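The structure appears right after this line, and notes come after that.
The values are calculated or read from the model by the stated rules, or taken from the named source; none is laboratory data. Keep in mind it's a predicted model, so treat the numbers as computed, not measured. Reconstructed Cβ throughout: ideal geometry from the backbone, glycine too, with neighbour counts over all protein chains shown.
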Amino acid sequence: MNDLIKKFIPDFDDNLLVLEKETPNATPAPPEKYRVLLLNDDFTPMDFVVDVLTHFFHHSEDIAYDIMMKVHLEGSAICGVYTAEIAESKVAQVTEYARSHEHPLMCKLEKDES
Ligand code: TYC
């Protein structure tokens, strides 16, 4: 290869040769995902939680009610799984919305290991 280049460019400097990257077609790793969860408390009204689940997580009324009841009975439930940036934004929006209505509703994220 170098001999061929030097045949046409006699002053060619070997040290300037840049090696092509190996595995240019390697599949990129999928982005890490995060679960957004709601936590139970004794004060936030059930209707408000259903409202949060339909508005911020785009669940139907029926699914939202089921998720709300799971949180109420079991202490927590997953509302959705997103990339880090979107998950953080959901937590911030839900927390801000709950506080602006003076409810103690807690929303958190955790890494999705599956
Ligand atoms: N436990 C609340 C009540 O009885 C309802 C509730 C459900 C609160 C889910 C928070 O994330 C929650 N009013």
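Would you confirm, using the coordinates I've provided, whether Lys70 is basic (Lys, Arg), surrounded by 15 or more Cβ atoms within 10 Å (Cβ to Cβ), closer than 14 Å to Leu37 by Cα and in contact with a Cys (Cβ under 8 Å, 6 or more places away or on another chain)?
no
Just give me the residues in segment 38-78 being within 9 Å of the ligand (Cβ to nearest atom) and in contact (Cβ under 8 Å) with a residue 40 or more places away in the chain, in sequence order.
Leu38, Leu39, Asp41, Phe43, Thr44, Pro45, Phe48, Val49, Val52, Ala77
Within segment 1-58, take every residue that is part of a helix (DSSP H, G or I), exposed (fewer than 11 other Cβ atoms within 10 Å of the Cβ) and among the charged types (D, E, K, R) and give me the one that is modelled with the lowest pLDDT.
Ranking the candidates gives Asp14 first.
Just to be sure before I move on: is Glu61 modelled with pLDDT of 95 or more and surrounded by fewer than 15 Cβ atoms within 10 Å (Cβ to Cβ) in the structure I sent?
Judged against the criteria, Glu61 is a match.
Which members of segment 89-114 meet the condition of being without any contact (Cβ under 8 Å) to a residue 24 or more places away in the chain and assigned to a helix (DSSP H, G or I)?
Those that are without any contact (Cβ under 8 Å) to a residue 24 or more places away in the chain and assigned to a helix (DSSP H, G or I): Ser89, Ala92, Thr95, Glu96, Arg99, Ser100.
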